[in-house]
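The values are calculated or read from the model by the stated rules, or taken from the named source; none is laboratory data. Treat the numbers as computed from the prediction; the structure is a model and nothing was measured. With ideal geometry, Cβ positions are generated from the backbone for all residues, glycine too; neighbour counts draw on all protein chains shown. Areas reflect the complete protein model, heavy atoms only, side chains present, ligands, DNA and RNA absent. Shrake-Rupley method; radii C 1.70, N 1.55, O 1.52, S 1.80 Å.
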Amino acid sequence: MTSNSSAIVLLGLGSHAPKNRLTNLELSKKVDTSDEWIFSRTGISERRIASDEEATSDLALCAAQNALKDADVLPDEIDLVVVATITPDMTFPSTACLLQHKLGLRNVCCFDLEAACSGFVYALDVADALLRSGRYKKALVVGAEKLSSIIDWEDRSTCVLFGDGAGAAVLGRDGAGPRLDGFLCGADGANPSLLCQPAGGSSRPASNETLTRREHFLKMNGREIFKNAVRVMEYAGRTLLERHGLTPDDVDHVIPHQANRRIVESLSQRLSIPMDKFYCNLEKYGNTSAASIPIAMDEARRSGIFKSGETGLLVAFGAGLTWASAILRF
Ligand code: UT7
């Protein structure tokens, strides 16, 4: 792995998944589904589900501690904390503030960033820019979700897809680690109802009616999201590579958002990047939204597949719609 003092580097990575596994077979006893349907349509076999005592900030804490240890950075050195999540512990204060307290940090800038499943890559982009500005020295960027808290366990079309978990990265200006080499973040808010949590915000505050209509749970038009996902991920990947004078052939590793293996396969075809360059772990975790890319990155890194001098591409899409991509130089 190379270091470059003029660039922002990933000094360390960490992740955490709750202990409790929920298999497809167990799910098929709760809703009208089957292991065969779920695995063949999505590639998911099981997902992790947090306990009632674990909130998003608890998952974030474990991932953050692992990343700090990996980076060999003391909590005191962190002066910026960004948490990407759509399942904050509460609407406010931010999960980043709760995490700050749990880590015992002082005098830090803390905020949550909400770009759904693209959130971690968005957060890396923002932290990269803030570190480059010179106002902060070291950032902790976390993607953490307790999606089980907003899943409708009576809706088979969504409850089989998601899981809980967290991933974290420590970013700094100096040191050894993969270099962040460029970002592309975008959004199209024209069709928010394709994937949303309709109630609980200012447009539909909680009421007896919203509860009865189950509007506090995630709602999704799966087919439309699928089509849009493939389109915007191809755009985000291809456009970013072009802007950096690269082609898909130059990419050694792709860490895509882990939503559905068929989405990843379609992306592989469209970008003409073979599937063996895509890192997939969605079979074990399902879709963990903002946590999916950092968990996958951490696992891929620990498996030793990244070699010095190689190029990585992160590519994500999510509710909004949002999309985001990033280039890493190992
Ligand atoms: O981070 C972004 C999050 N969202 C996504 O990435 C989701 C993107 N979309 C997808 O991954 C896919 O659209 C799904 C996996 C959600 C669905 O797969 P599909 O091949 O698009 O299935 P479908 O929605 O077209 O449904 C096909 C059939 C339907 O039955 P009929 O109408 O053909 O009789 C559904 O009712 O499958 C049925 N179905 C199920 N059957 C068994 C839907 N969910 C289930 C289920 N088990 N869990």
Those residues of region 79-121 that are under 11 Å from the mean Cα position of the chain (by Cα) and away from the ligand (no atom under 14 Å from the Cβ) come to a total of 1
In region 290-317, residue least open to solvent (accessible area, probe 1.4 Å) [restricted to those that are assigned to a helix (DSSP H, G or I) and among the acidic types (Asp, Glu)]: Asp298
Among the residues of region 276-289, what is the count of those that are in a loop (DSSP other than H, G, I, E, B) and within 16 Å of the ligand (Cβ to nearest atom)? 4
Could you grab me the full set of residues in region 117-140 that are polar (S, T, N, Q) and surrounded by 19 or more Cβ atoms within 10 Å (Cβ to Cβ)? Ser118
Return the residues of region 141-161 that are touching an Asp or Glu at 6+ places or on another chain (Cβ under 9 Å), open to solvent by 10 Å² or more (accessible area, probe 1.4 Å) and not hydroxyl-bearing (Ser, Thr, Tyr); say none if nothing qualifies. Lys146, Arg156
Any idea how many residues of region 166-197 are at positive phi and either touching an Asp or Glu at 6+ places or on another chain (Cβ under 8 Å) or modelled with pLDDT of 95 or more (or both)? 1
What is the residue count in region 235-275 for residues that are of a type in the set (S, T, N, Q), within 16 Å of the ligand (Cβ to nearest atom) and either touching a Leu at 6+ places or on another chain (Cβ under 8 Å) or within 20 Å of Gly186 (Cβ to Cβ) (or both)? 3
Residue, most open to solvent (accessible area, probe 1.4 Å), within region 260-288, restricted to residues that are of a type in the set (Gly, Ala, Ser) and within 19 Å of Gly312 (Cβ to Cβ): Ser272
Can you tell which of Ala55, Ala71 is assigned by the TED database to the domain that holds Asp128 and surrounded by 24 or more Cβ atoms within 10 Å (Cβ to Cβ)? Ala71
Could you check how many residues of region 318-330 are in contact with a strand residue (DSSP E or B) (Cβ under 6 Å, 6 or more places away or on another chain), open to solvent by less than 10 Å² (accessible area, probe 1.4 Å) and farther than 19 Å from Gly12 by Cβ? 3
Just for region 1-60: of the residues that are among the basic types (Lys, Arg) and out of contact with any Lys or Arg (no Cβ under 8 Å at 6 or more places or on another chain), which one is farthest from the ligand (Cβ to nearest atom)? Lys29
Just give me the residues in region 32-49 being open to solvent by 10 Å² or more (accessible area, probe 1.4 Å) and out of contact with any Cys (no Cβ under 9 Å at 6 or more places or on another chain), in sequence order. Asp32, Ser34, Asp35, Glu36, Trp37, Phe39, Ser40, Arg41, Ser45, Glu46, Arg48, Ile49
